[in-house]
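Visitor: One structure, as structure tokens, below. Some questions next.
The values are calculated or read from the model by the stated rules, or taken from the named source; none is laboratory data. Remember, it's a predicted structure, so these values are computed and weren't measured experimentally. Glycine gets a Cβ as well: all are built from the backbone with ideal geometry, and neighbour counts include every protein chain shown. These area figures cover heavy atoms from the full protein model, side chains too; ligands, DNA and RNA do not enter into them. Shrake-Rupley method; radii C 1.70, N 1.55, O 1.52, S 1.80 Å.
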Amino acid sequence: MATTRHTCGGPVFGRLIAGCPRCDELRSGAEPVQFSDRTDDKPKTTKHTHQVVFGRRVTGCPRCAELDAGAAPVRWTYPSRREQDERRTAEISAHFAPGSPHSRGACGPVCTFGDW
């Protein structure tokens, strides 16, 4: 989706400059550009109606009701530190396992596995 570009030196968040074509569009009701890596194929969730306290559900909140009914919680795009540690531990175990490249000597005279 192409939008008109600002001629006022770039967006000044919250201020609309008279004479700038993009600022004029925004003033007349155009939607602002959304900066995010979310794609349309990802499901969108209902917003909480209260300040979120992780693990605590509030009666009357539509998102909490969805979660109570079994909806999947939102996941971050990048793996958590725990997930990274688990993946790394699995790589190390696979490298040093019996029958692996390390046990066969395929690493060379000095194993440099993990030295990134």
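Visitor: Suppose every Lys and Arg Cβ carries +1 and every Asp and Glu Cβ carries -1, with no other charges. What dipole size does the chain come out with about its Cα centre, to the nearest 20 debye?
Guide: My answer is approximately 300 debye.
Visitor: Continuing with the same structure: Between V58, V74, V33, where does the largest GNM mean-square fluctuation fall for the chain, given springs only between Cα atoms within less than 10 Å?
Guide: In this elastic network of the chain, the residue with the biggest mean-square fluctuation among V58, V74, V33 is V33.
Visitor: Still on this structure: Angle check, please: helix 81-96 long axis (alpha carbons) against the longest principal axis of the chain (alpha carbons), in degrees 0 to 90, nearest 10.
Guide: 30
Visitor: For C8, what residues show an amide H to amide H distance below 5 Å, using hydrogens built from the backbone and excluding near sequence neighbours?
Guide: Close amide H contacts, sequence-distant or interchain: none at all.
Visitor: Another question about this same structure. At 1.4 Å probe size, with every protein chain present, just tell me what the per residue accessible area of the chain comes to in Å².
Guide: Accessible area per residue: 86 Å².
Visitor: Moving on. If you project the alpha carbons of the range 46-116 onto the principal axes, what extent comes out on each, in Å, largest first?
Guide: Here the spans come out as 64, 22, 16 Å, largest first.
Visitor: If I compute solvent accessible area with a 1.4 Å probe over the protein chains, what percent of it on the range 57-116 is carbon and sulfur?
Guide: 58
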